[in-house]
Amino acid sequence: MTTGRKIVLIGPMGAGKTSLGKRLAARLRWDFVDTDHALCARTGVDIPTIFAQEGEAGFRKREHATLAAELADPRERVVACGGGIVINADNRRLIAGQFLVVFIDVSVHRQILRIGRDRNRPLVQNTDNLQAKLEQLRDERLGLYEGLADIRIDTDNNHFTNSFKQLLHEVESRLRHER
């Protein structure tokens, strides 16, 4: 079975993957899916509940199944991935095989401003030092994001207009060259 082209957005939490992904999908008239939202829809519970009942390992197993299902969908779509999806080697293999992989990057300082103490982010929920935790996650994942990415977009500014224009330009260029 052949599947439609996928643009996969990876990067840390709070980078703007969902916001940019929705705008890009609307512009391309492709479907949009956020793997975290899809996982919650599949399980009927939120991410903190999965973490509480099954731990991070259980969440990562469900996350992999969700990613595989979403990437196997035959429609063209933009897929925004949870920040930690890249830590699983099987996920990296699935992502690497897609039409375009975009690393949406953001500084730790900007992440803190965007996510604060968001209760739907269990990896940072119970930490005394949010900055240190985000820096640790960045150190662990940065090379994985960079290794998968076809392009890198920085969303550190206060609005996504320039980031979106850069992303759209790159996608349109690749679509033209594909023909």
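Results, tabulated for the structure shown:
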read-out: The one condition in (1) under 23 Å from L168 (Cα atoms); (2) modelled with pLDDT under 95 that T35 fails to fulfil; value: (2)
read-out: Spans of helices (runs of 4 or more DSSP H) in segment 81-167 with at least 1 residues at pLDDT below 90; value: 108-115, 122-125, 130-148
read-out: Check on I47, open to solvent by less than 10 Å² (accessible area, probe 1.4 Å) and within 24 Å of Q136 (Cα to Cα); value: no
read-out: Test: R75 is crowded, with 18+ Cβ neighbours inside 10 Å, more than 17 Å from D36 (Cα to Cα) and more than 15 Å from the chain's Cα centre (by Cα); value: no
read-out: Test result for G16, on the phi > 0 side of the Ramachandran plot and either open to solvent by less than 50 Å² (accessible area, probe 1.4 Å) or touching an Asp or Glu at 6+ places or on another chain (Cβ under 7 Å) (or both); value: yes
read-out: Complete set of residues in segment 23-66 that are over 12 Å from the mean Cα position of the chain (by Cα), among the charged types (D, E, K, R) and in a helix (DSSP H, G or I); value: R23, R27, R42, E54, E56, R60, K61, R62
read-out: Criterion (farther than 23 Å from E135 by Cβ, aliphatic (A, V, I, L, M), surrounded by fewer than 19 Cβ atoms within 10 Å (Cβ to Cβ) and touching a residue at least 12 places away in the same chain (Cβ under 8 Å)) met by exactly one of L24, L28; value: L28
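The values are calculated or read from the model by the stated rules, or taken from the named source; none is laboratory data. Predicted model, so just to flag it, every value in this text is computed and none were measured. With ideal geometry, Cβ positions are generated from the backbone for all residues, glycine too; neighbour counts draw on all protein chains shown. Remember, those area values only see protein heavy atoms, side chains included, never the ligands or the DNA or RNA. Shrake-Rupley method; radii C 1.70, N 1.55, O 1.52, S 1.80 Å.
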